[in-house]
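Read the figures in this text as sums done on the coordinates, not as results from a lab. What you see is a predicted model, and the numbers here were worked out from it, not measured in a lab. Cβ atoms come from the backbone with ideal geometry, glycine included; neighbour counts cover every protein chain shown.
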Amino acid sequence: MPSRRILAWALYDWANSAFATVVIAGFFPVFFAQFWAQGLADGKSTQWLGYTSSAASLILVLTAPVLGALADQLGAKKRFPGGAARLLRRQYLQRRPDHGCGRAGGV
């Protein structure tokens, strides 16, 4: 029987993989088509989904090593994900002021 720590990691990894698969393959294409590619033909929507996924992957591949090394040097491993989430939220709210949260375009 594996140790509790290994079992906990294995269960976390299993659940996280299932979650990512459902979100990326199931929900995100529908969200993309209805929210960002509204009014486009299905073929164009799929094309733009491919472009944006490729661009996001390229940005991740280019910036992850630099940001990881920077987080290690600054001792800010836990602050970086929170900062990225706040930045992305701010960008989202600035582009979609009618998001229904009672705040128009601000954070």
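Note: relative contact order over the chain, using C-alpha pairs below 8 Å and six or more positions apart, is 10 percent. The gain in end-to-end length when the residue 80 to residue 47 segment is fully stretched comes to 8.7 nm, 0.36 nm per residue minus the alpha carbon separation. Between 52, 21, 63, the residue with the greatest mean-square fluctuation in the GNM of the chain (Cα pairs under 10 Å linked by springs) is 21. Note on 89, 4: ascending count of other Cβ atoms within 10 Å places them as 4, 89, the fewest first. Among 44, 78, sorting on how many other beta-carbon atoms sit within 10 Å of each Cβ, with the fewest leading, yields 78, 44.
Comparing 56, 84, 37 in a Gaussian network model of the chain (Cα springs below 10 Å), the most mobile by mean-square fluctuation is 84. What residue among 29, 81, 65 shows peak mean-square fluctuation when the chain is described by a Gaussian network model with Cα springs under 10 Å? Of the options given, 81 has the highest mean-square fluctuation. Projecting label points 7 angstrom from Cα along Cα→Cβ for residue 71 and residue 54 puts them 2.8 nm apart. Sorting 53, 3 by the number of Cβ atoms found within 10 Å of their own Cβ, with the fewest placed first, yields 3, 53. Rounded to 0.05, the FRET efficiency of the residue 40 and residue 11 pair, given R0 = 30 Å and the Cβ-Cβ distance, is 0.15. For the chain, the Cα gyration tensor yields ellipsoid semi-axes of 30, 22, 16 Å (square root of five times each eigenvalue, largest first, whole Å).
With the helix formula -39500 (n - 2.57) applied to DSSP H stretches of n ≥ 4, the chain reaches a computed 222 nm mean residue ellipticity of -23000 deg cm²/dmol.
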